Amino acid sequence: MPFAAPGVFRVRPLPREATASYAQRLADTYQLTLPQLLDGSGITLHRHGTPPTAELILTPGAARRLAVLARTALPQLTCALPHLPLSDTAHDTEAAANWKRLDAGQQPVRACTLCTRHRSHNATDTAWIHPPPHQLVCPRHHQAAPDPRLTSTVHTRDVPELAAAHHAHQRLLRHPRAATAWITARAITTRWYDHQQHLTHRWHTRLTQLRATNPHVTTTGSASPALLTRGLITYPETVALARVLTTLPSGHHHTTNGALTLIARRLALAHLAPSANDPLRVFLTHTRH
């Protein structure tokens, strides 16, 4: 089978983009369907699917053909597409693509529509990505998609603390304990949110603001807006809490009450007195000792 010829257009992948999303954007640029694009590149497509509930799994031979068509070096493409295989085995010539269904926790979310259009020669504004936590919000275009069930992005311009939290999160990443602090903080704020504790009024106000400018969050399947936007609503406080956790001294060099006072101040709370089984108190009194 002849090898794929380099394409006319160079479509830049988005960071951590789903392979199916990138291939579809490439097809949109050439005004082709995805099966037509793959067939023209000598890639055999098996089964059916569509993002975000399914991913396109390419063999190494198919990945090389896609890279040639995209006019992008395979290592560079692999860095951007986390599910794309990287293989230097020249004799692995099978070029096939298989649709694979994804569990809810593995599904990508919508990318910023303006960033997508900029990287798609204005052919489409739809892309699906697997963003790391510190890229939840696009600070340039004020868009976010905290849940794969949202088929449209959430516009966040009217909630400026989300962009501020994004920039604070970038500063947090410089700390060596940033990753563990983030995981802990997210678990704590998620528990608070689900049990309506400590920050309920603030989070309800933020949810109301987001719903006012994003009516589609109320019509997305059977999931409630409160659940679909949970990660976004709690984001500023999660970042703030994570930053505090990185500054607390280890071991017995702090008191629980002193830490709670500091955390309350950073969260702009007049008072913070969690119960004995609250995850924050458990962390401060047991996990860190």
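Every number in this text was worked out from the coordinates using simple rules, so none of it is lab data. Quick caveat, the model's predicted, so the values are computed rather than measured. Quick reminder, even Gly has a Cβ in these numbers, built from the backbone with ideal geometry, and neighbours come from all protein chains shown.
Here are some notes:
- 0 to 90° range, to nearest 10: angle between helix 161-172 axis and the chain longest Cα axis: 90
- Put in order of Cβ neighbour count within 10 Å, fewest first, the listed residues ASP103, ASP194 become ASP103, ASP194.
- Taking 4.7 Å between beta carbons as the limit, the unpaired Cys residues of the chain are CYS79.
- Protection proxy ranking, peptides 44-53, 238-247, average beta carbon neighbours within 10 Å, highest first: 238-247, 44-53
- Positive dipole terminus of the chain, leading residue within THR189, PRO51, VAL109 (C-beta point charges): THR189
- Placing +1 on the Cβ of every Lys and Arg and -1 on the Cβ of every Asp and Glu, with no other charges, gives the chain a dipole of roughly 740 debye about its Cα centre.
- Relative to one another, the C-alpha centroids of the range 132-195 and the range 212-265 are positioned 9 Å apart.
- Proximal charge balance of PRO82 [Cβ under 12 Å; K/R count +1, D/E count -1]: -1
- Local electrostatic count at ALA226 - Lys and Arg +1, Asp and Glu -1, tallied over other residues with Cβ under 15 Å: +4
- Annotation: amide H-H contacts under 5 Å for VAL154 (H modelled 1.01 Å from N, sequence separation of 5 or more, or interchain): ALA144, ALA145.
- Antiparallel DSSP beta bridges within the chain, percent to nearest 5: 80
- The order of GLU94, GLU161, going from fewest to most other C-beta atoms within 10 Å of their C-beta, is GLU94, GLU161.
- For LEU102, the residues 5 or more places off, or on other chains, whose built amide H falls under 5 Å of its own are ALA54, GLU55.
- Principal-axis analysis of the Cα atoms of the chain puts helix 178-194 at an angle of about 70° to the longest axis.
- In plain terms, the residue of VAL217, VAL68 with the fewest other Cβ atoms within 10 Å comes first and the most crowded comes last, giving VAL68, VAL217.
- When peptides 208-214, 12-18, 69-75 are ranked by their average number of other Cβ atoms within 10 Å per residue, the highest-first order is 12-18, 69-75, 208-214.
- Counting only alpha carbon atoms, the long axis of helix 60-70 and the longest principal axis of the chain meet at about 90°.
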